[in-house]
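Visitor: Got a structure for you, written out below as structure tokens; questions coming shortly.
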Amino acid sequence: MTKILLAEDEGFIASLYKLELERHSVEVKIVGNGKEALAALEEDVFDILLMDLIMPDMDGFELLKNIKEKKIILPVIVLTNLSQNVDQQKCAEYGVKDYLVKADIDAPEVWNRVQKVLQLPPATT
């Protein structure tokens, strides 16, 4: 089963994404900040990290830096309200696989991007 770590401090948004993702038979663990995400990545194995950039305690950029320093290998999709090219470029330098601006996407599109990054086969109905 695909395991997704979702680092998002806004509870409603986290729940919305989790509900959509779980419709596709994946396991989703939600954490509320970068420190919790890093701890989760150090104690368990996930197939992908979906993360916000603006979070308390440790923001997304600091989380990406720590992931790189600790040599934790997994694909990352950023889900953020930051739409500036400089932020996208900074994430690209950390190897982020996809960068989504929350205002421009809906929950089903998040699943589509996860499928694409993980190269999961489309669901058969």
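Residues checked against (1) out of contact with any Asp or Glu (no Cβ under 9 Å at 6 or more places or on another chain); (2) of a type in the set (F, W, Y); (3) outside any helix (DSSP H, G or I):
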| site | (1), (2), (3) |
| --- | --- |
| P56 | no, no, yes |
| I73 | yes, no, yes |
| A103 | yes, no, no |
| E109 | yes, no, no |
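Visitor: Can you tell me how many residues in region 58-101 are charged (D, E, K, R) and at pLDDT below 95? Explain how you work it out, then say what you get.
Guide: Of all residues in region 58-101, those charged (D, E, K, R) come to 59, 62, 65, 68-71, 87, 90, 93, 97-98.
With at pLDDT below 95 added as a condition, the list becomes none.
So the count comes out to 0.
Visitor: In this structure, does D98 turn out to be free of Cβ contacts under 8 Å to residues at least 24 places away in the same chain and under 11 Å from the mean Cα position of the chain (by Cα)?
Guide: On the way: free of Cβ contacts under 8 Å to residues at least 24 places away in the same chain: yes; under 11 Å from the mean Cα position of the chain (by Cα): yes.
Yes; evaluated as a whole, the condition is true for this residue.
Visitor: Please determine, by comparing only the residues of region 10-20 that are over 12 Å from the mean Cα position of the chain (by Cα) and in contact (Cβ under 8 Å) with a residue 40 or more places away in the chain, which one is surrounded by the most Cβ atoms within 10 Å (Cβ to Cβ).
Guide: Just the residues of region 10-20 that are over 12 Å from the mean Cα position of the chain (by Cα), to begin with: 10-13, 15-16, 19-20.
Right, trim to in contact (Cβ under 8 Å) with a residue 40 or more places away in the chain and you get 10, 13, 16, 19-20.
Values: E10: 14, I13: 15, L16: 15, L19: 11, E20: 17.
The qualifying residue surrounded by the most Cβ atoms within 10 Å (Cβ to Cβ) is E20.
Visitor: When both residues are 6+ apart or on different chains and their Cβ atoms are under 8 Å apart, which pairs have a first residue that lies in region 35-62 and is at positive phi, and a second that is exposed (fewer than 15 other Cβ atoms within 10 Å of the Cβ) and of a type in the set (A, V, I, L, M)?
Guide: none
Visitor: Still on this model: So, in region 39-54, exactly how many residues are out of contact with any Phe, Trp or Tyr (no Cβ under 8 Å at 6 or more places or on another chain) and either surrounded by fewer than 19 Cβ atoms within 10 Å (Cβ to Cβ) or in a loop (DSSP other than H, G, I, E, B) (or both)?
Guide: Step one: filter region 39-54 for residues out of contact with any Phe, Trp or Tyr (no Cβ under 8 Å at 6 or more places or on another chain), giving 39, 41-49, 51-52, 54.
In the following step, the residues that additionally are either surrounded by fewer than 19 Cβ atoms within 10 Å (Cβ to Cβ) or in a loop (DSSP other than H, G, I, E, B) (or both) were identified as 39, 42-47, 52, 54.
Total meeting the criteria: 9.
The values are calculated or read from the model by the stated rules, or taken from the named source; none is laboratory data. Quantities reported herein were computed from a predicted structural model and do not represent experimental measurements. Every residue, glycine as well, gets a Cβ built from its backbone with ideal geometry; the counts of neighbours run over all protein chains shown.
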